[in-house]
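Please read the structure below before turning to the comments.
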Amino acid sequence: MFNGALDIVCFVLGSGVPTPVGHALGGLAVYVGGQYGEGVRKDWTLLGATLVAALLPDLDLAIGPFAGRSYHHYFTHSLGFAALVAGIAYWTMRRMGRASPGRDAGVIGTGYLSHIILDMLTKDTTPPFGVQLLWPLSDAFFISPVSIFSDVFRGSLALLFGLHNWLAMGREILVLVPVVGLLWWLRRRRAQLE
């Protein structure tokens, strides 16, 4: 099915998904919004873990080249898998001796969920449409009737780095950077009032 490295890169980046930039901004928004009751303290461990969690669901893309078909938007894009990630995060943060492993796991798990939500809000042009949200309870796919984000073109290097994909990334930045900014401002404001 794959004839070279470019085919694999294009397959991995897929269509019907925000770019990694969009997913990272979603994770950043969760991190900033999840810093309640702590002023503006920087927690690099939690930030890094939340960003990784926001990108993690797309590891299902790595299965496709070996399986000969796409598994994107399947089980890793589900509430069940998000709960598993949150549980692993809790265990890890507790073993690290973190002060609030439950809160940390909540932020990390929500960072993971941000990925699923952004994918559901993206124009999906490749069947099955949507994400397998309720796996393992259901194999059904769910997608929002409203698409905020554009799909990502793939198939060649020209498409991958083409204007459409740059515009898609620009739209993600225009939508998500103000959300991050507003959450950061609200967090600072709350810290000033405490």
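Please work out how much length the chain gains when fully extended from ALA99 to ALA140, using 0.36 nm per residue of separation minus the C-alpha to C-alpha distance, in nm with one decimal.
Between ALA99 and ALA140, full extension yields an extra 10.9 nm.
Which entry in (1) 18.0, 75; (2) 19.3, 63; (3) 17.5, 59 is this structure's computed Rg and Dmax of the Cα atoms in Å?
(3)
Taking only Cα atoms, what is the 0 to 90° angle, nearest 10, from helix 44-55's long axis to the longest principal axis of the chain?
Value to nearest ten degrees: 30.
How long are the semi-axes of the equivalent ellipsoid of the range 46-137, taking √(5λ) for every eigenvalue λ of the Cα gyration tensor, in whole Å from largest down?
26, 13, 11
Please compute the contact order of the range 5-193 in relative form: average sequence separation of alpha-carbon pairs under 8 Å and at least six residues apart, divided by the residue count, as a percent.
34
Every number here is computed from the coordinates shown, using simple stated rules; none is lab data. Values in this document were obtained by computation on a predicted structure and should not be read as measured data.
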